[in-house]
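Read through the structure below, which is laid out as structure tokens, and then see the notes.
Nothing in this text is a laboratory measurement; each read-out follows from the coordinates by a stated rule. Since the model is a prediction, treat every value here as computed from it, not as a measurement. So basically every Cβ, Gly included, is an ideal-geometry build from the backbone, and we count neighbours across all protein chains shown.
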Amino acid sequence: MLDALSFGFMQNALLAGLFACVACGVIGTLVVVNRIVFISGGIAHAAYGGIGIAFFLGISPLLGALGFSVAVGLLVAFISMNNKKRADTVIGVVWSLGMAIGIILTDLTPGYNVDLMSYLFGSILAVPQSDIMLMAVLDLAVVVFIVFFFRDLQAMSFDEDFAISIGVPVKPLYYLLIVMVALTVVLVIRVVGLILVIAMISIPPYIAERYVKDLRLMMLSSVGLNLAFTVTGLWLSYTFNLTSGAAIIMVASAAFFLSEFFARVVRK
């Protein structure tokens, strides 16, 4: 693995993984404690529609995914805030529709030569410098959001009614959180892909929540776990010639089941 770090593509992969881990650890913690994992999954899969639009229009796929994800996120946030009983159905429809739009538009793209696998399952070893710069900017936006709104987010996450009673603007904050989820999805596209992104957002915070109750420590623990999973997955990918995104998620999933087993043993 140390020899591999001499290659530029591996250095880019580690940088991309670092930026993705920070966003997934921080925003993923809020996703888990606010119980919006299904919403995040819907946004992640619908983002493929933005990739299809981007290829059809000849613009950056990540920019297309960003715009479409934010739009879908705001729509889902509006529906889930006003009609929670039907939110899961609408999310399922948006999920499927986004994927369908992406596939149809890539089929209609002139000179079609799109590598669908790199967006569905990630291609962290092929991340260009331009994407890394975009990921850095999006990462900065996530960090600034957390720094400015941490206390309000903490109140909203653990007791929404109490947050409203003390004057926290819960509804606008919820919309902002969904937008941050969309940004995080775009960050992770090139690391593990749209199909596997939800695992990277939800597994580390879920594990951290078992051992840490402070929201700040939970975020830091989630970032650390994501980094460990990413580095280990990259090592396995390089050593055994595996798909990097899938290797990262396999490591994360193994840690998830080990934590479940350990927790059951401790309880007994």
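Distance between the modelled labels on D88 and L63, one decimal in nanometres: 3.9 nm (7 Å Cα→Cβ projection). For the peptides 65-71, 197-203, 42-48, 76-82, the ranking by packing is 42-48, 197-203, 65-71, 76-82, with the highest mean count of neighbouring Cβ atoms within 10 Å listed first. If only the Cβ of Lys and Arg carry +1 and only the Cβ of Asp and Glu carry -1, the dipole of the chain around its Cα centre is close to 640 debye.
Its Cα gyration tensor gives the chain an equivalent ellipsoid; the semi-axes, largest first and in whole Å, are 28, 25, 17. For a label point 7 angstrom out from the Cα of R35 toward its Cβ, which stretches of the range 139-160 have the backbone nitrogen within less than 15 Å? Once the point is set 7 Å along Cα→Cβ of R35, 156-160 turn out to lie under 15 Å by backbone N, inside the range 139-160.
Taking the alpha-carbon centroid of each part, what is the distance from the range 9-37 to the range 132-164 in angstrom? Rounded to whole Å, the Cα centres lie 14 Å apart.
Filter the trypsin sites (Lys or Arg not before Pro) in the range 1-90 to those in DSSP coil with at most 10 other Cβ atoms within 10 Å of their Cβ, and list the result. In loop regions of the range 1-90 (DSSP not H, G, I, E or B), the sparsely surrounded trypsin sites (Lys or Arg not before Pro) are R35. Dividing the Cα radius of gyration of the range 123-199 by its Kirkwood radius returns 1.10 for Rg/Rh. Of the peptides 245-251, 133-139, the order by per-residue mean of other Cβ atoms within 10 Å, starting with the highest, comes out as 245-251, 133-139. When each of the peptides 153-166, 94-107, 19-32 is scored by the mean number of other C-beta atoms lying within 10 Å of its residues, the order from highest to lowest reads 19-32, 94-107, 153-166. Computed over all pairs of different Cα atoms, the Kirkwood value for the hydrodynamic radius of the range 43-128 is 13.4 Å.
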